[in-house]
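A short worksheet on the structure shown next.
The values are calculated or read from the model by the stated rules, or taken from the named source; none is laboratory data. Note that the structure is a prediction, hence the values are computed from the model and not measured. Every residue, glycine as well, gets a Cβ built from its backbone with ideal geometry; the counts of neighbours run over all protein chains shown. All accessible areas refer to the heavy atoms of the entire protein, side chains included, with ligands and DNA or RNA removed. Shrake-Rupley method; radii C 1.70, N 1.55, O 1.52, S 1.80 Å.
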Amino acid sequence: MNKKVVAVVVTYNRKELLKECINSLENQTYKTLRILVVDNASTDGTEDFVRSLNNPQIIYKNTGANLGGAGGFQFGIKKGTELNPDYLWLMDDDSIPTPNALEKLMEEANQIGEFGFLASKVLWKDNSMCNMNIPKVTLNRKLKDFNGGPKKIIMGTFVSFFVPVKIIKEVGLPIKEFFIWADDFEYSRRISRKYPSYFIPESIVIHKCKSNNGSNIVNDTPDRFRRYEYAYRNEVYVYRREGIEGWIHLGLKTILHLTKVTMKSKDNKKRRIQIIWNSTKKGFSFKPEIEYLVRS
């Protein structure tokens, strides 16, 4: 009997990309799939579009406010588990799974047995590796081998993140207070601290993000500065949990980023330094509680 999967897609004002994402999910070779669209209160007609599809396998839920990626995924996991699946498959609205992406995840899930989460190979629009979605194999090192069989990892992103519901029941939900950035690293690491987790090279997803440069406070535009306030604060929460190794990582990273801004930023240098310094300090007292599914 096929195991049941619910794909949780978080969207916000990107209706055209969402259309592509849903179409790719409807055409998966693994058919025991329902699609939960979590709308972060879009204003571009997203709800009308999803309802017009008239597909009983697609469920639409509106969060009522923009909860950010972190809040959207927490909301989506709560609603997704209510549908009683065996697995949740998390992704953003600009994630376009290839036709057998889920089938390959299921094959490996059956082969591996017990695991915390599985992450697909995520490519950018030109079929190069998507830089923002390369998993980590240690706190300081990203995966370098993207082919062959499953590779053990400790952190992955919410772009094709495949997790058993029984794991969610044990470890709890993503932290909605993160709002954006590092919520997926925190959640994946929370899981991998308890269970082996894997990168699956044969499961391929295209991530249609705007650029493949990743994010960098050194040269990013002022309209995106607010995001970095979340990023630096949230990363302190993630890495302080790792003890001495985590504190060393945080210290070296903070010094490196401050140095790079000082040496290379062409404008708003003082503001960029303030964001790194003040947001990192906020992370020391940032102590949100982990929420758990209500046990039935």
| said: What's the number of the only condition in (1) on the phi < 0 side of the Ramachandran plot; (2) among the aromatic types (Phe, Trp, Tyr); (3) assigned to a loop (DSSP other than H, G, I, E, B) that PHE225 fails to meet? | reply: (3)
| Among the residues of the stretch 75-85, is there at least one that is open to solvent by 10 Å² or more (accessible area, probe 1.4 Å), farther than 27 Å from ASN234 by Cα and of a type in the set (A, V, I, L, M)? | yes
| Cross-chain or 6+ apart pairs with Cβ under 7 Å, the stretch 131-142 first and touching a residue at least 60 places away in the same chain (Cβ under 8 Å), then open to solvent by less than 30 Å² (accessible area, probe 1.4 Å) and in a strand (DSSP E or B) | ASN133/VAL122; ASN133/HIS207; PRO135/ALA119; PRO135/ILE153; PRO135/MET155; PRO135/PHE199
| message | Looking at ASN213 and the list (1) surrounded by fewer than 19 Cβ atoms within 10 Å (Cβ to Cβ); (2) under 24 Å from TRP89 (Cβ atoms), which single condition is not satisfied? | response | (2)
| task | Would you tally the residues in the stretch 184-204 being closer than 18 Å to LEU25 by Cα and surrounded by fewer than 22 Cβ atoms within 10 Å (Cβ to Cβ)? | result | 2
| remark: Picking from ARG14, ARG34, the residue that is over 18 Å from ASP86 (Cα atoms) and of a type in the set (Lys, Arg) would be ARG14
| query | For TYR237, are the conditions met, namely being modelled with pLDDT of 95 or more and surrounded by fewer than 18 Cβ atoms within 10 Å (Cβ to Cβ)? | reply | no
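The rows are residues; the columns are (1) within 30 Å of LYS78 (Cβ to Cβ); (2) open to solvent by 70 Å² or more (accessible area, probe 1.4 Å); (3) among the hydrophobic types (A, V, I, L, M, F, W, C); (4) within 24 Å of the chain's Cα centre (by Cα).
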| residue | (1), (2), (3), (4) |
| --- | --- |
| GLU245 | no, yes, no, yes |
| LEU250 | no, no, yes, yes |
| THR254 | no, no, no, yes |
| LYS269 | no, yes, no, no |
| LYS287 | yes, yes, no, yes |
| TYR292 | yes, yes, no, yes |
| Any pair with Cβ under 6 angstrom, 6 or more apart, that starts in the stretch 263-292 at a residue that is within 20 Å of GLU186 (Cβ to Cβ) and among the acidic types (Asp, Glu) and ends at one that is open to solvent by 100 Å² or more (accessible area, probe 1.4 Å) and assigned to a helix (DSSP H, G or I) | none
| request: Would you check if there is a residue in the stretch 235-248 being touching a residue at least 24 places away in the same chain (Cβ under 8 Å), closer than 23 Å to PRO174 by Cβ and in a loop (DSSP other than H, G, I, E, B)? | output: yes
| Within the stretch 30-55, considering residues that are polar (S, T, N, Q) and closer than 20 Å to LYS79 by Cα, the one farthest from the chain's Cα centre (by Cα) | ASN54
| request: Answer yes if at least one residue in the stretch 99-111 is buried (at least 18 other Cβ atoms within 10 Å of the Cβ), among the charged types (D, E, K, R) and in a helix (DSSP H, G or I), and no otherwise. | output: yes
